[in-house]
Amino acid sequence: MSDSVAALPALPAEVLAQFPADDLLAGIFATSITALVLLKPVRAADGTVVDFTFALLSQAAQRMLNLPAQPTKTHLELVPGTAEPGGIFDFFRETLASGQPAHRNFNYQRDGFDAYYRLAVRRVGPGLLVSFSDTADEERTPVEQALRESQAREQAALALAELERTRLQELFTQAPVAIALFEGPELRITVANERMAALWGRPLAEVLGRPLLEAVPELRGQGFDEQMQQVRQTQVPVSGIEAPAEMLRDGQLRTTYYNFVYQPLYDAHGTLRGVVDVAVEVTEQVRTRRLIEVKEQQTNQLNEELAATNEELYTALQEIRTNNEELFRAQQALHELNQELEARVADRTHALNQALVDTERQREHLRRQQHLLTQVLSQVPASVATLEGPEHRFTFFNTNYQALVGGRARLGCTVAEALPEVVQQGFIELLNDVFATGKPYVGIESSVLLYDARTGQPRQRFIDFVYQPLTNEAGQPHGILAFVVDTTDKVLSRQLVAQTNEHLLTANTALDTTNRQLTRTNADLDNFVYAASHDLRQPINNLVGLFEELRRAVSFADPAEEELLLPMLQQALHQISTTIDDLALVGQTQQNAGLPTEPVSLPDLTQEVLQTLQPQMQAARARVTVDFAAAPTVVYSRANLRTILLNLLSNSLKYADPARPCRVHVSVWKDAGRPVLLVEDNGLGFNMHRHQDELFQLFRRFHTHTEGTGVGLYLINRIVQGNGGRIEVESEVGEGTSFRVYL
């Protein structure tokens with residue numbers, strides 16, 4: 001039997017004989033006017049009591065607590081407010097540990113309860129027996145009544161304050177502009193809406209609770225944090241119109257522009273709480289205006305767009321002003337509410353002499369904040385260390401700092417002792433100056449030689465760093481915070497990019513020279529083709545005349561030889577003449593490249609071409625249909641457009657499938673306002689996958705059963721490309737061919 005059970009007074013034997021213990025215990029729990037509760041401790045691995053479970057509640061306890069006889073939840077789950085220092089939970093643990101009965105009165109106004117309770121507790125076996133009664137029905141003393149009223153007013157005020165805070169959060173969330181609140185000297189993002197997160201290019205959950213330059217590092221060095229610090233120091237708003245900012249867009253830094261207002265926000269005591277940023281991105285407006293300045297021919301149209309944009313901007317600014325007024329009214333309400341809360345809390349504190357308790361709570365909060373700060377500094381993605389005294393002794397450093405200095409930092413050791421190589425590089429002098437003047441020092445991409453543990457030799461690094469003085473309550477420096485970011489990779493990458501750009505510039509210069517040479521060569525070749533086709537025309541005509549004279553004047557001894565050679569010579573002369581004609585046409589097309597454009601009627605021009613091709617149409621049993629409803633008239637060189645139609649229709653007739661009547665459809669449609677000429681046939685077709693790369697080559701043919709030189713497609717491709725267009729082809733053997741000409 002345990003000591004606690006042995007300490008209980010024994011019941012007389014004659015009583016136990018007449019009243020069995022089980023019935024007696026059940027009767028007590030059923031009829032006791034005082035509430036009875038049996039508690040069983042919940043222990044941690046080290047034996048510490050961390051909670052209690054409910055073994056049994058008497059009927060009176062069930063009624064007072066509005067709970068069943070054996071609740072499934074633990075004590076702290078049902079009444080978490082009892083866990084405050086010196087509260088009911090500590091009272092239970094102390095009684096369980098001492099084994100001595102104890103009595104105490106508590107005023108409990110949390111978790112749905114509001115009464116004064118008298119508790120009697122003693123250890124029974126492994127747990128506790130708690131007997132209690134409340135004084136809800138008893139008459140209150142004036143002090144008790146005043147305290148209850150003060151607490152009720154405080155709870156109502158706290159509820160109202162929470163409501164106002166919720167409204168403030170809703171205002172931020174629903175604001176039609178980007179808005180965020182930055183608190184503390186590190187400009188920590190405590191409240192922001194999705195619009196602001198979108199401007200930063202990051203999810204909202206990723207930036208909340210982080211300092212601005214940590215959450216959005218690309219803003220470093222752009223001056224926005226300095227302007228916020230200015231607002232914190234002077235408490236005077238700062239605004240910007242079309243301020244440029246380098247922001248991440250699609251994974252790259254791009255210049256964007258914003259209209260913004262940095263507005264100080266105060267708490268109920270009139271103390272600066274933080275800085276509110278209200279911003280509107282106007283990148284598109286700025287770019288539009290600059291485009292207007294460059295393109296004077298579009299001035300009127302773009303000015304109208306800019307005016308419309310300015311109206312939208314004005315509306316947005318009006319909404320910002322309205323939101324600012326609502327925010328100001330909310331701040332005023334919060335200010336007045338907090339003043340009332342402060343007065344009530346002060347009265348209550350004075351009446352109950354609780355100043356000592358509040359002070360202790362503040363000290364505990366400060367210790368927690370210091371602990372939290374240490375954890376944050378240990379986890380930031382930068383090298384951080386704190387140095388104490390004029391000797392600059394290490395009092396803290398995180399793992400990133402230790403890795404940067406090759407694992408040589410030691411608590412209590414000076415910088416000069418741990419990192420001797422930095423002494424000659426002037427960093428100790430910088431630390432001395434910061435400690436002496438109390439002014440921070442910022443270094444950007446500074447070169448430093450640091451010992452490399454892997455090679456045992458100094459290695460050049462580039463760092464961004466800040467030496468921030470740490471001051472005491474009197475404002476005197478007692479240490480320095482060193483915040484270092486390794487930018488070696490960034491600097492080396494930028495140097496490599498500069499070298500690459502220099503090489504690219506040299507290559508581009510050479511390429512430009514080659515292009516000019518090729519342009520001159522192409523022009524010379526075009527002139528040569530044009531001249532050669534005209535110079536060869538007369539000799540070919542002479543050969544034709546000589547051939548005709550030869551046929552009349554010369555007779556062959558062997559008639560069979562005459563029947564063989566004369567057709568061959570005639571065919572050869574015909575092919576040479578046709579080739580010369582096509583070359584002349586190519587040269588003429590090149591000479592006509594600069595012909596002026598004019599409105600051309602497609603129905604009239606097509607009818608003219610079809611009249612020219614009438615014999616071929618009859619031979620192929622062709623039927624040609626047209627549809628020019630989308631664009632009956634196009635602006636183009638009439639001669640060039642006739643050449644395009646003539647060659648495409650001639651090919652459709654020439655390569656018609658002899659197994660079926662030839663069908664050709666000519667139509668026009670528009671793509672983004674640009675006319676597209678479509679010629680479709682049901683002819684022989686060809687293998688696009690095999691011949692698509694040689695489709696527009698000079699003298700290239702895919703069918704040899706008909707006459708031709710392979711110049712037509714080359715010719716129309718030169719015409720279309722020369723006018724800034726392109727040709728798309730679809731074809732399948734036995735299915736026909738479609739040409740889409742983007743004029």
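Relative contact order of segment 1-128: what whole-number percent is it, with Cα pairs under 8 angstrom and at least 6 residues apart?
21
Once phi is turned into ³J(HN,Hα) by the Karplus curve 6.51 cos²θ - 1.76 cosθ + 1.60 with θ = phi - 60°, what whole-Hz value does each residue of segment 60-72 show in order, with x for glycine and proline?
5, 5, 4, 5, 5, 9, 6, 10, x, 5, 9, x, 7
Kindly state, to the nearest 0.05, the FRET efficiency for THR509 paired with TYR314, given R0 = 51 Å and r defined as their beta-carbon distance.
Between THR509 and TYR314 the formula returns 0.55.
Can you list residues from other chains, or at least 5 along the same chain, whose modelled amide H is less than 5 Å from the amide H of ARG273?
LEU265, TYR266, ASP267
Once phi is turned into θ = phi - 60°, what whole-Hz ³J(HN,Hα) does the Karplus curve with 6.51, -1.76 and 1.60 give for every residue of segment 430-444, x standing for Gly and Pro?
Result, rounded to whole Hz: 4, 4, 4, 5, 5, 5, 6, 9, x, 9, x, 10, 10, x, 10.
Per residue Cα convex hull volume for segment 597-700, in cubic angstrom?
Here the figure is 126 Å³ per residue.
How big is the Rg/Rh ratio for segment 421-522, C-alpha atoms only, Rh by Kirkwood, two decimals?
Radius of gyration relative to Kirkwood radius: 1.34.
Amide H neighbours of ARG220 under 5 Å, counting only residues 5+ apart in sequence or on other chains, H built in-plane at 1.01 Å?
none
Using θ = phi - 60° and the Karplus form 6.51 cos²θ - 1.76 cosθ + 1.60, what ³J(HN,Hα) does each residue of segment 636-647 get, whole Hz, x for Gly and Pro?
6, 6, 4, 4, 5, 5, 5, 4, 4, 4, 4, 6
Rg to Rh ratio, segment 1-120, alpha-carbon atoms and Kirkwood radius?
With Rg and the Kirkwood Rh in hand, the quotient comes to 0.98.
Over segment 414-470, what number does the Rg to Rh ratio reach, with both radii from the alpha-carbon atoms and Rh per Kirkwood?
That ratio is 1.00, to two decimals.
Taking amide H atoms as placed 1.01 Å from N in the peptide plane, list the residues 5 or more away in sequence, or in a different chain, whose amide H sits under 5 Å from that of GLU242.
TYR258, ASN259, PHE260
With no solvent and one point on each alpha carbon, what is the Debye value of log10 I(q)/I(0) for segment 218-260 at q = 0.24, 0.26, 0.28 Å⁻¹?
Taking Cα atoms of segment 218-260 as identical point scatterers yields -0.86, -0.94, -1.01.
We did not get these values from a lab; they are worked out from the coordinates using the rules stated. Everything numeric here is computed off the predicted structure, so don't read it as measured data. A quick note on method: Cβ atoms are made from the backbone with ideal geometry, for glycine too, and the neighbour counts reach across all protein chains shown.
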